[in-house]
Amino acid sequence: MKLSKKRVRHTKGMDITPMIDIVFLLLIFFITVSQVSETNREKLELPQLKGAKDQKKTSLVVNINKAGEIVVAGNQLQLADVAFLVGKELENNGGDPGLVTVVVRIDQKATCQVPNALVKQLASQGISKVRLAVQVPN
């Protein structure tokens, strides 16, 4: 009588190393992006008004603190420097000012001289989409 041996099948399992690599890359990407978006937002005391809660994509975030200083992405700039940045955004969007949206965040204790000058500068460059950020009360 002959007994048959059970054949052991060797099947390769799925290699998950590439998947783990991709997960870590995505994790690093999202951490980096979230830190960059927080850099654009200075710690300002915004006016409390009922405003829209939807946040559309913006091209440029300009912060004006209570001392009247213009801060963009953590760097203190002059009005001419902001005009240069807006010019670069216009170039990136094919020169169409309708595609450039600027969000101006102004400290509620700031005077209106710098924001008015900034809006005039933006208007002279053809930027009509200027949004003023407010803090929505709870």
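Of all residues in region 88-97, those satisfying the criterion of being closer than 11 Å to residue 127 by Cα, surrounded by 12 or more Cβ atoms within 10 Å (Cβ to Cβ) and not acidic (Asp, Glu) are 90, 97. For residue 11, work out the one condition from (1) of a type in the set (Ser, Thr, Tyr); (2) at pLDDT 70 or above; (3) in a loop (DSSP other than H, G, I, E, B) it doesn't fulfil. (2) is the only condition that residue 11 fails.
Residues in region 56-87 that are open to solvent by 20 Å² or more (accessible area, probe 1.4 Å), among the β-branched types (Val, Ile, Thr) and modelled with pLDDT of 85 or more: there are none. In this structure, is residue 135 touching an Asp or Glu at 6+ places or on another chain (Cβ under 9 Å) and of a type outside the set (Ser, Thr, Tyr)? In short, yes.
The values are calculated or read from the model by the stated rules, or taken from the named source; none is laboratory data. Just so it is clear, the model here is predicted, and its values are computed rather than measured. All Cβ positions, glycine included, derive from the backbone under ideal geometry; neighbour counts span all protein chains shown. Surface accessibility is based on the protein's heavy atoms, side chains included, excluding ligands, DNA and RNA. Shrake-Rupley method; radii C 1.70, N 1.55, O 1.52, S 1.80 Å.
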